[in-house]
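Data first, discussion second: the structure below is written as structure tokens.
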Amino acid sequence: MHENLLLCLGLIMSVSFLVLIARKLSIPYPIFLVIAGLAFGFIPGIPVIHIDPNLVFLIILPPVLFDAAQNTSCKALWKWRRIITVMALGYVLLTATIVAFVACLLIPGFTLPQGFLLGAIISPPDAAAATAVLQRIRLPKGLVSILEGESLLNDATSLTVFRFALAAIITNNFVWYNAVGNFVLVCVSGIAIGLFFGLLFYAFYKWLPTTANLDIALSFVLPYLIYLSAEAVHSSGVLAIVSGGVFISYQNHFIFSHSSRLKANAVWPAIIFILNAVIFFLIGLQLPDIMAGVKSIPISNALQIALIISLLIIVIRLLAGYISSIFTSFISHYITVAVSHPGWRNPLIISWAGMRGVVSLASALAIPLVLPGGQAFPYRDLILFITFVVIIVTLVGQGLALPWVIKAVRPESILGSKEDNQQLIEIDQHLISAAITELNLKYSAELQENGMLKNRMDLLAFKVSIYQNLGDDRKKRENALAIIKSFKKIMMQITEHERKQLRHFRHQPDFDDDVIRLIERRLDLDEERLDDDIETV
């Protein structure tokens, strides 16, 4: 027990230190952690750590998917529903099919069901990898929404194909129309289960007297409950988590208090970061063990096959993106699409950002060691090795090259979408104007008597005048932005000065620590708000 605890603490400390180095080098931490894991794996004396697929599917995947769903925009999912559906369903099926036939040609004795098993494993880009890498890369919001939406949903397709291919190998029987019907049933039931638990927890949150701490505790229970319930009835746990997470996210303004949201926004990112960082580091550590396990064919031949298949799935995605762009331009003459002429730049970037990750490796590790008859599962070692090489090539190779590709291709802004700054200004101006109207209608007498309220009213009115100057007049806009920037900079300095003054009270016996912490929390919230505004406006 103590050894396991020390190992976990050592992993967290190691990945935290490595993330600091990654930030210093301006490398997305998933990529750097995989590279570091590869290097550490060959150091003598480093303990061999095997990734249990149950660790991924039961412990790590539910909260990671739920957090990604919580941060996904329902509007964006609906706006890009066609391209996300095509990529999450069509691209995965296309890749799995092509990989299946090519693998049969490359590997002597490899059967078509084994090929589909391999194709299902390596076809879906990973949600954790995409989200973590895209955080460090500036892309038009529409492209990020498409990539994140695809990575959320494609696991359901790949895991379903994986399940059917594995069953075909074990039973030596496959009926395609049964598979299609089961696939539809799995998807529909998964979404229904997620929405059911979303509605159940919505009622729980809304009508029971929960606290902020209880809300957060229940939010960690929910993804596991959804996933386990869906998997228990052989449905899609992935789609169940995504649908439930999106529903709760859309309703959180109505059911959570401000305290719940603030605490959740502090706790959830830290937990997800730890889970992602540890698992990416562990991926790299698997290399020596996976290489030693390749017995079916010589390791040089296995590496050659793995690199060919890695190149194949990259080319398939690039061609699929280009063909989708052409088809979108054609079909836009007959139906309404989000972007009628996507061109080649944005589809190229979307196609390049197809990084595989931990779900692919966990799926490969989930292949049983032996068949029901007792014989070894054919080519399990080779499938695992190919999967690992594909992850390294796509995550490290494509991930490191992604900033260069973006710089060379120069993605196009999506027409008709407002910039974040413009949206912030318009919403803030509307809210302030509504606040002024409400104060004048209901509290006109108090405005005359309460000096603090009057000063607040004057500040709101001044903000409205500032925002009104952020129009087309360039000189007025520059002056208004200069006023806002100067105000925030000065207030940041004043807040820090207040914090320094607050420290003096810690040494005075007449002032309790809990009161001091309350004041410090208020200062932290003020500074966080100013810091967010500086980053966004």
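The values are calculated or read from the model by the stated rules, or taken from the named source; none is laboratory data. Remember, it's a predicted structure, so these values are computed and weren't measured experimentally. Using ideal geometry, Cβ is built from the backbone for each residue, glycine included, and neighbour counts are taken over all protein chains shown. All accessible areas refer to the heavy atoms of the entire protein, side chains included, with ligands and DNA or RNA removed. Shrake-Rupley method; radii C 1.70, N 1.55, O 1.52, S 1.80 Å.
Here are some notes:
- Note on the range 209-251: residues that are of a type outside the set (A, V, I, L, M, F, W, C) and open to solvent by less than 30 Å² (accessible area, probe 1.4 Å) total 11.
- Filtered residue count, the range 320-339, keeping only those that are free of Cβ contacts under 8 Å to residues at least 24 places away in the same chain and open to solvent by 50 Å² or more (accessible area, probe 1.4 Å): 8
- I137 open to solvent by less than 60 Å² (accessible area, probe 1.4 Å), in contact (Cβ under 8 Å) with a residue 12 or more places away in the chain, under 26 Å from G10 (Cα atoms) and not in a helix (DSSP H, G or I): no
- For the range 340-363, the tally of residues that are touching a residue at least 60 places away in the same chain (Cβ under 8 Å) and buried (at least 21 other Cβ atoms within 10 Å of the Cβ) stands at 14.
- Residues of the range 6-19 satisfying the condition of being under 12 Å from A36 (Cβ atoms) and free of Cβ contacts under 8 Å to residues at least 40 places away in the same chain: F17
- Some residue of the range 293-301 being of a type in the set (D, E, K, R) and closer than 27 Å to G399 by Cβ: no
- Qualifying residue in the range 278-286 (condition: surrounded by fewer than 21 Cβ atoms within 10 Å (Cβ to Cβ), out of contact with any helix residue (DSSP H, G or I) (no Cβ under 7 Å at 6 or more places or on another chain), under 30 Å from G142 (Cα atoms) and in contact (Cβ under 8 Å) with a residue 12 or more places away in the chain): no
- In the range 151-208, residue least open to solvent (accessible area, probe 1.4 Å) [restricted to those that are outside any helix (DSSP H, G or I) and among the polar types (S, T, N, Q)]: N173
- Of all residues in the range 364-378, at least one satisfies being at pLDDT below 90, touching a strand residue (DSSP E or B) at 6+ places or on another chain (Cβ under 8 Å), under 25 Å from P298 (Cβ atoms) and open to solvent by less than 20 Å² (accessible area, probe 1.4 Å).
- Of G284, G245, all but one fail to be part of a helix (DSSP H, G or I) and modelled with pLDDT of 90 or more; the exception is G245.
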